[in-house]
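Everything on this sheet refers to the single structure shown next.
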Amino acid sequence: MSLDVKITNKSATPSSDVHWICFGLDSNPATSSPDWCYVDVDGSGNASLKKFTKGQDCSKLFKTVDALSSFKDLPKMWSGQFLFSFNQLPNVFNIVKGGQNGLGVQTPPFTPGTADADTIFVVVEFTNIGSELYADCTIVDYFCAPVSIEVIGDTTKTNGIMKSTSTRDSVFTEIAALGKPWSDLVMKDGSGNNIRVLGPQHAVQTTNPNLLSPNIYDAYISACWKNFTTNTLTVNCPTFGTYTGTVNTSSEFVFSQKGKADVTIQKPAKGDAYDIFGCVGTLNAPNNTPLGEIAAILGASLNRTTLSTSANDTQPNCDISEFYKVQDGVTNEYAKVVHDNYKSGIYAFPFDDVCSTNNPLIQITGATNFNITLSDWS
């Protein structure tokens, strides 16, 4: 069964100035040793995978939407990505030593002061295993411009749809209206044009100076961990059942279930907001494990600031009205603004699919059509 791809450009940029590449791994990295590849399309519109080679001129691999906006039979790919670059090719897109089978993809750097800080990018992620397609519109790293997807198979699902009252500019405007430090996430070019809103995990990592203080979550984390030295957190895992957790004298959150091994999560260190915004480090969530499910639920509760600081608690808390209330001076304001402007699921942080009523990850069996729309932001 062929999986056909169509790209529709409704953005403010002419299709001749929208460049794109589709790349990913040619097999499952969990069970094989895959190669990084890119999608090549022949004169009849048929797609195939070609392996990257170290040092090749990747500028020749990008297409423009006016030159190629559709192709047939998207190959099987893991960790796949459509990368769109507006008005110019990326300054950086290299195949370098390292990574899978000795090669890695060096994607464009986008933080302040880097080579592509002034370039607008849009990303669609996917994994196509043949029988099923998984796809999402991610804005975890940054928001530049809206993109939506439609996948047709045994059913039809869409994602990345903004509210009818929202625009690209409304996201920038609402982040700017928050004032410092959150307004510092808005990145402009030398002419004052909006380029991107930087994801907060990158803002606590940038230097000279940090755009967000890496200590921004310290007070809330301390209050939560102190609370659960005497109170209990109940975590309802979707696969592995119910665990109860308390904080021990070593500041470790220890979760228990009768007949199962304990699961331990370390307290994020002071000045380590990156763990929370990025859902990494102390909140790393290995797939298909109790630790993974507990870490994801805990990470979501911290980003949404729904974790109690004063009583017993049960997570995940799926009451959207409780999300993103400022606690001890913090919440993930970036995620709040993004969700206020989207009517369909979107990833604003890595664990954003926890108790989502509109899952940001589309999963379709027997997919036949994968439609990508670069949305209007004129």
Distance between modelled label sites at GLN81 and CYS318, nm, 7 Å Cα→Cβ extension: 3.1
Residues of type lysines that LYS63 reaches as a straight line, Cα spacing below 23 Å, ignoring anything fewer than 8 places off in the same chain: LYS6, LYS10, LYS50, LYS51, LYS54, LYS72, LYS76
Which entry in [x] 67, 50, 42; [y] 78, 54, 35; [z] 84, 46, 40 is this structure's computed Cα extents along the principal axes in Å? [x]
Could you work out how far apart the two model spin labels at SER2 and ASP189 are, taking each label as a point 7 Å from the Cα in the direction of the beta carbon, and quote it in nm? 3.8
Straight distance only, please: which lysines reach the Cα of LYS258 with their own Cα at less than 25 Å, same-chain residues fewer than 8 apart left out? LYS226, LYS267
Those Cys residues of the chain for which no other cysteine Cβ falls under 4.7 Å: CYS22, CYS37, CYS58, CYS137, CYS144, CYS224, CYS237, CYS279
Relative to the longest principal axis of the C-alpha atoms of the chain, give the angle of the C-alpha long axis of helix 290-303, reported between 0 and 90° and rounded to the nearest 10°. 90
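Read-outs: derived from the displayed coordinates by stated rules, not from any lab. Everything quoted here is computed from the prediction, not taken from an experiment. Positions of Cβ are generated from backbone atoms using ideal geometry, with glycine treated the same way; all protein chains shown enter the neighbour counts.
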